[in-house]
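S.K.: Just passing along the structure, written as structure tokens.
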Amino acid sequence: GFGKMKTNCYWQWALLMSLLCVVGTQKELPPAENVHLLNPEEYKLVLNLDQKDYPSDCFEIWESSGGQARDGIYMIQPTKSALVVFCDMQSGGWTVVQHITVNSSVDFDRTWQDYKVGFGSITSDHWLGNEYLYQLTNKGGQYKLGIKLVDKDAVTKFGEYDPFRVESEESQYKIRLGLFEGTAVDALSQDTEAYLHDNQKFTTKDRDNDNFYQNCAKLEYLGVPGGGWWYDACAGANLNRRNVIYWQKDCNKEHICKYAWMMVRPTDRVKVIKTGSCQRDEL
């Protein structure tokens, strides 16, 4: 009788322990609204999971580390949503919001809802989500957009739009762009090909907000649709077409680009240097 009871107790204990283990591993699930952009085995890659208050973006982490933080996956909380994001720390604390590899295995031909909440994998090709672009760029303080393009010969070009803002879903996630500078061409606010992306609403295959008589997101090149983008009467640039990364003359079907990234970062703060007494110049 006693032996049997002891065995029963042991099994109950073992069951409890295994349950605790399950609960323990469950706890490792990052409390992120966009956790669907990570595979379960990638949860452990989140570098600041144990932090009590999450930073509002990658720049905050980079700055508080004195520029020493390493590239990788972090938890951030721009406003109400806690998110997992990839931080490009080497370039100065940029929050990656899009990454694509030409002929990606990730499908960019997605619905409005998919583009709203994000898809793909944070560790590779993905769209972070229009809702989170809105939260990041409207939380107070000005943001800029960084574009990074790498062609088949590994030549890298950069561009920055400062300021950059994405409006709310009610405004159809309209894009607002400031001044451009960089080694890439300005393909979003220069209308050299009669397409202007600045101030356009976002279009997906199931939500046509563009200025063309057909839905630009559905137009195919070699059988691959354009995907979601801020189309005009189509595009002078589109970084979400899976088989051709397009950025005017820098990236197109003749000049193949292999990778593109879109990233955001706060606008450089102007430091006010106070000098001694101000003496008026005598004219």
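The values are calculated or read from the model by the stated rules, or taken from the named source; none is laboratory data. Nothing here was measured: the structure is a model prediction, and the numbers come from that model. In this analysis, Cβ positions are derived from the backbone assuming ideal geometry, glycine residues included, and neighbour counts consider all displayed protein chains. For accessibility, only protein heavy atoms count, side chains too; no ligands or nucleic acids. Shrake-Rupley method; radii C 1.70, N 1.55, O 1.52, S 1.80 Å.
S.K.: Considering only protein heavy atoms and a 1.4 Å probe, what is the carbon-and-sulfur percentage of the accessible area of the stretch 35-266?
M.R.: Details: 4650 of 9880 Å².
Carbon and sulfur atoms account for 47 percent of the accessible area of the stretch 35-266.
S.K.: If you place +1 on the Cβ of every Lys and Arg and -1 on the Cβ of every Asp and Glu, how big does the dipole about the Cα centre of the stretch 35-266 come out, in debye to the nearest 20? Let's see the in-between values first.
M.R.: Numbers: 24 positive and 33 negative charges, 31 e Å.
Taking the Cα centre of the stretch 35-266 as origin, the dipole is about 140 debye.
S.K.: What FRET efficiency comes out for residue 71 versus residue 171 if R0 is 35 angstrom and r is the Cβ-Cβ distance? Round to the nearest 0.05.
M.R.: On the way: r = 33 Å, r/R0 = 0.94.
In this case the efficiency is close to 0.60.
S.K.: If you don't mind, there's one more thing I want to ask. Report relative contact order for the stretch 190-231 in percent, whole number only (criteria: Cα-Cα under 8 Å, sequence separation at least 6). Numbers along the way, then the final one.
M.R.: Values: 58 pairs, mean separation 16.5, N = 42.
It rounds to 39 percent for the stretch 190-231.
S.K.: Another question, if that's okay. Determine the relative contact order of the stretch 35-266: mean sequence separation of Cα pairs under 8 Å and six or more apart, normalised by residue count, in whole percent.
M.R.: Numbers: 572 pairs, mean separation 46.1, N = 232.
RCO, the stretch 35-266: 20 percent.
S.K.: Do the alpha carbons of any pairs in 44/152; 52/148; 174/218; 205/253; 116/144 sit beyond 24 Å of each other, and which pairs?
M.R.: Pairs exceeding 24 Å: 44/152; 52/148.
S.K.: Next question, about the same structure. What is the sum of charges, Lys and Arg at +1 and Asp and Glu at -1, for the other residues whose Cβ falls under 13 Å from the Cβ of residue 141? Kindly include the intermediate steps, with their values, before the conclusion.
M.R.: Working: positive: 139, 144, 165, 265, 269; negative: 57, 60, 63, 162, 268.
Taking every other residue near residue 141 into account, the sum is 0.
S.K.: Taking a ≥ b ≥ c as the square roots of the eigenvalues of the Cα gyration tensor of the stretch 98-253, is the shape rounded (a/c under 1.5), prolate (a/b larger than b/c) or oblate?
M.R.: The shape class here is rounded.
S.K.: Taking the Cα-to-Cβ direction at residue 221 and at residue 29 and moving 7 Å from each Cα, how far apart do the two end points lie in nm?
M.R.: Distance between the two pseudo-spin positions: 4.0 nm.
S.K.: Continuing with the same structure: Label residue 42 and residue 269 with points 7 Å out from Cα along Cα→Cβ: what is the distance between them in nm?
M.R.: Using points 7 Å along Cα→Cβ, the separation is 3.2 nm.
S.K.: So if R0 is 22 Å, what FRET efficiency would residue 51 and residue 81 give, r being the distance between their Cβ atoms, rounded to the nearest 0.05? Kindly include the intermediate steps, with their values, before the conclusion.
M.R.: Values: r = 16 Å, r/R0 = 0.72.
With a Förster radius of 22 Å, E is 0.85.
S.K.: Give, as ranges by residue number, the residues of the stretch 140-157 whose backbone N falls under 19 Å from the point 7 Å along Cα→Cβ of residue 63.
M.R.: 140-146
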